[in-house]
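Input: a single structure, listed below in structure tokens.
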Amino acid sequence: MMPVARPAAWDGGVCPFAAGWQRVLMWWFIVGDGLLFGAFLAAYGYARLIATTWPDSSVVFSLPYLAAMTLVLNTSSAMMASGVAAARRGAWPTARRWLLATTLGGVLFLGMQADEWRHAIAAGARLSGNPWGDASFGAYFFLITGFHGTHVLLGVLILTIATARVATRRATPLGIELVGLYWHFVELVWVFIFTLFYLL
Amino acid sequence: MSHAATTVPGHDQSHPELGFIRRYVFSLDHKVIGIQYIVTGLLMALVGAALATLIRLQLGWPERTWPLLAQLLPKGYAGGVMAPEFYLAVVTMHGTIMVFFFMSYVLVSGFGNYLVPLQVGARDMAFPLANMLSFWIGALSALLMIASFFVEGGAAAAGWTAYPPLSAVATAVPGSGMGQTIWLLSMAFFIASFTLSGLNIVATVFSVRAPGMSMWRMPLTVWSYFIASILGLLAFPALTAAAVMLLFDRHAGTSFFLPAGLVVGGRHLTNSGGSPLLWQHLFWFLGHPEVYVLILPALGIACDIIPAFTRKPIFGYRLSVWCLVAVGALSMVVWGHHMFVSGMSPFTGEYFSIATMTITLPMTVFGVNMLASLRGGAIRMGVPMMFSCAVLALFGSGGLGGLYLGNATADMQLTDTYFVVGHFHMMIGGVTLMATFGGLHYWFPKMFGRMMNETIGKAHFWLTFTPFFIIFFMQHFLGIQGAPRRYYAFTAYDFLRETRIQNLVVSSCAMVLIASQSLFVVNFVWSLFRGAPAADNPWEATTLEWTTSSPPPHDNFGQAELTVHRWPYEYGVESGDRDFADQRVPPGRVPVTA
Amino acid sequence: MSTQTSVFHSSTVALLFAGLGLGGAWYGASIVMPSLASRHGAGIDSMLSYLLVTTGILFVAGYCALAWFIWTGARRRRIDQRLTRRRTEWLVSGALGLAVGLIAEGGVLAIGMPVWSEYFDATPPADAVTVEITAQQFLWNVRYPGADGQFGRNSAAAMDDVSNPLGLDRADPAGRDDVVTQNVMAVPLGRAVRLRLRSKDVIHSFFLPNFRVKQDIVPGMTPEVVFFPTREGSFEIACSELCGLAHYRMRGFFDVLSPAAFDRWLAEQATPTAGGPR
């Protein structure tokens, strides 16, 4: 039973990919959380398949407005990447500015999301039904965007804390990187929601 | 933190002068957390066993009245007769408690927390704080679940699978009032707790193994926890999503699981657009992998106990690891075999049938490896070994029952009968229960520094395994005779009249089984205080936890440097007066054979 | 420490496993299924017989092997052979795994699949007796289309447990000759039965033990089953999906009658005095 040749990274004593347990934990958390969104989206797909009167999202919602929301979140995510890079270089004042900008992007996105909800509710959309067609349409809209919005809200809180920690010089590059991982994930999920719920 | 990749978690927390609360209640030590989980799980098992007693009393003697129970439980036993709604609540809670709060806690979170860091040579779990949170969220969830018995309408009564509309419409059954809501909330907490624990196990195995502890030197126990935890992380989100959606259906007016045109108890519902089948898909997407989350650690534990008692390396170590991986992967794509007669397309049914049968291959190979590990060994039939043989036996008979249920054609007659009840009790009930007892006897000296009593242990084995096997073996055949599950009584049907005697035998054996658990409780408590002091390595075993003191110090291995030199099954070698070499013995002293 | 155990003790454990294996097989062989009364049921029974025989043999062999290894191992002071060559390990376990896998998969493909497709693909013959079953907590509403072969319209909105449990539209001429009963149904021998299943409230499952018919009724869906009774007699309908308090006594009666007796029975049900729960 001679062991076959393999990279030393898996031999113990060090973490494979030099990742460190914090990143490993974060990656797996993201996988699990991603699957949670996956389950909601799969349920939505199932409901849409059995529905007879599924409304056309592009009629109900304003696509340019949604494109703007997507742009805001994408930009915020890109600024986060710059913030992580700055933190890694040790350029903390720069990192702080990028993080602040990222947070503001998140807040702006939340505001736009809230406005979209306000419009939908004003037009008669409820959890139990909506004026456009199948009752599930409104329910899944509120469920999925609400769940994503909760993630953005949580991200904004975490970003605020991270910014404060950078300002008081208690942050670590790894910590900022983990926040970044989460924020990119929230942005990536939005791309899926945008494509599957609004575009298709 | 730039050297995060090489920091060893737990190393900086070895302050011996912690107070009682920090050391035993809100402890960060994985060993304490593991024991907390085990004790919580065992207490929940007593609740589950009490519920099983009520079920079997009702099914064995359906015409009798129970004045004593009427006094103890005036609501459930008005006039001495068990109320049908109470029966359904008891069945539901028995399943929920045993699957989630006994097996998951003791076997996965309990033994997993205790063993994984010790066996990979880590000083603690990767993230001790999350570990502590995991336990306390888990304890809260268990308390919440118990509390649901005392709300208006009683505990949830829609079965542990909680199929809507029964679980979604408050008036469909008394337990679907507040009880079902609390059930869902408790499950949400449970999943949060289980996820934290699973994340920790995965990260620990992945990133904080000791130098020399390569993947191919991990004991099968660690492998099984690693794969089970990954499975849990991948599968549980589906149930979380389903639980959130069901809560919305119950309280916010959505119709995710409710179609149009329902008339429940004469009341017209206004829901429309949902599908009850969606819940079944989401539930079983979790539910099937979940049974492997429970059963893989049980098999892993048995695989580590067997070599220590046959004095011979495990048979087919790497093959067994690949089997675990294959089974884990396959378990994610076979959930539909729980839904063959649900109205799902028959083509989908055939797919799920064929896919399910492929699981036979890796699982048989794994079982044959276990069996072949016994062959040619010098067997010492200690109590842990007795229970490990029981694991193997139940795994064999339960697995063969799976051939019936995974086969859509046979399942058409057998689904939702006692065949299913017998099958899953042998697998996620029996394999896990026997591994729990075997594991507790085996690691008790490591956990508490004292041995458990062998004589009581042997008596406990005979009075546990024999009735257990008879009960659930007979239930398979009750199913073949057509007896549907979740029946309050079998008295209403002519075709079930002949099952009367069998139910009497099953109930009598169940009483023996449950009563004999007092032997274990006595043994556990007595040994805790009066057991013979244990040596560091009482079973002459090879894995790392036996190379440290019993019980291990806070940082597990003291200040000594820890390097792993060999695989975990180095039995039957010449090493002075010993016939084994633990994983830390350098190659210079005993040749490394794997 | 206490690692040495007596040969006697180990031998009793070995005998326990051997005894459970042989005793289990003996007990299992004595069990009979509810007597068969449908054509496709013969296929399901042969599927089950195949499994009972193959798994029975594997079960006894496995338990006896376990007992034998314990019996001999308890008498051994030194182990026979330390390590097996990896190729041998893969060959032995792989071959056995493959064998059991083939037994399982072969059963599905060779025996199960034809029965499955015969059952589900069957286009109902033109002379099939069509019956609509509407399940509710806790009874079976049975409806025959009557002489015109057409079911009258009904709607959930018009359902009322006391006066109109099926929500029938009284104005629809197609519904005038519909025959409605509760918990009792009959079919004539010699014709296929086509059941259209619906549920008003929660999931029920229509189970005819003697006919090897079991179909969940998920509300919102209308599954159909087609089968062919093979003998006259009186049989029971059971619910096999948890549906609430009286799930255990949601009993119905399913009678297979001679064609003449069936026509008489149906005519009796159609008169206003007859019908209703039996």
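Every number here is computed from the coordinates shown, using simple stated rules; none is lab data. None of the values given here were measured: they were computed from a predicted structure. Heads up, the Cβs are rebuilt from the backbone with ideal geometry, glycines too, and the neighbour counts pull from every protein chain shown.
Observations
- Structural descriptor for segment C:7-121: relative contact order 47 percent, calculated from alpha carbon pairs under 8 angstrom and at least 6 residues apart.
- Alpha carbon centroid spacing (whole Å) that separates segment A:74-125 from segment C:1-61: 64
- Theoretical gain in end-to-end length, C:L15 to C:A261 [0.36 nm per residue, Cα-Cα removed]: 82.7 nm
- Placing a pseudo-label 7 Å from each Cα along the Cα-to-Cβ vector at C:R196 and A:L49 gives an inter-label distance of 2.6 nm.
- Per-residue mean of foreign Cβ neighbours for C:204-215 is 4 (Cβ atoms of other chains, 10 Å radius).
- Residue-wise HN-Hα coupling along segment C:34-39, computed from phi with Karplus coefficients 6.51, -1.76, 1.60 (Hz; x: Gly, Pro): x, 4, 6, 9, 9, 6
- For the protein assembly as shown, the residue among C:G244, B:V99, C:L96 whose Cα projects farthest onto the positive side of the dipole built from Cβ charges is C:L96.
- Cα-projected label distance for C:D172 with A:L104, points at 7 Å along beta-carbon direction, nm: 6.5
- Exposed loop sites here mean trypsin sites (Lys or Arg not before Pro) with a DSSP loop assignment and at most 15 other beta-carbon atoms within 10 Å; chain A contains its longest site-free run at A:1-168.
- Unit charges on C-beta of K, R, D, E only; dipole of the protein assembly as shown, Debye: 2480
- Comparing B:N407, C:A157, C:S258 along the charge dipole axis of the protein assembly as shown, the residue lying farthest to the positive side is B:N407, per the Cβ-charge model.
- Computed about its Cα centre, the charge dipole of chain B is approximately 420 debye, with only Lys, Arg, Asp and Glu carrying charge at their Cβ.
- Using only Cα coordinates, the Kirkwood hydrodynamic radius of segment B:28-218 works out to 17.9 Å.
- The longest stretch of chain B left intact once loop-based GluC sites (Glu not before Pro) with at most 13 other Cβ atoms within 10 Å are removed from consideration, loops following DSSP, is B:153-560.
- Relative contact order for chain A, counting Cα pairs under 8 Å that sit 6 or more residues apart, in percent: 28
- For C:F253, distant residues with modelled amide H under 5 Å away: C:V184, C:M185, C:I237
- Under Stokes-Einstein, with the Kirkwood radius over Cα pairs as Rh, the value for segment A:22-163 at 10 °C and 1.306 mPa s is 93 µm²/s.
- FRET efficiency, 1/(1 + (r/R0)^6) with R0 56 Å, evaluated for C:D121 and A:L63 via beta carbons: 0.80
- Neighbour cut-off at most 16 other Cβ (10 Å), DSSP loop, chymotrypsin sites (Phe, Trp or Tyr not before Pro), segment B:321-359: none
- Top positive-direction residue, dipole computed over segment B:28-218 with Cβ charges, set B:F149, B:G198, B:W136: B:G198
- Fraction of antiparallel bridges per DSSP, the protein assembly as shown only, in percent to nearest 5: 75
- Kirkwood Rh in Å, taken over all unlike Cα pairs in segment B:459-594: 19.9
- The C:R85 and B:V325 beta-carbon pair, evaluated with R₀ = 22 Å, returns a calculated FRET efficiency of approximately 0.50.
- Prolate/oblate/rounded label for the protein assembly as shown (Cα gyration tensor, a/c 1.5): oblate
- Segment C:140-165 and segment B:302-366 have Cα centres spaced 47 Å apart.
- Mean separation of Cα pairs under 8 Å and 6 or more residues apart, divided by the residue count, gives chain C a relative contact order of 19 percent.
- Distance between the modelled labels on B:L43 and C:A99, one decimal in nanometres: 5.0 nm (7 Å Cα→Cβ projection).
- The phi torsions of segment A:8-23, fed into the Karplus equation with coefficients 6.51, -1.76 and 1.60 and a -60° offset, translate into couplings of 4, 4, 9, 7, x, x, 10, 8, x, 6, 6, 7, x, 5, 4, 5 Hz, rounded to whole numbers, with Gly and Pro shown as x.
- A simple charge model with +1 on the Cβ of Lys and Arg, -1 on the Cβ of Asp and Glu and nothing else charged puts the dipole of segment C:7-121 at about 1000 debye relative to its Cα centre.
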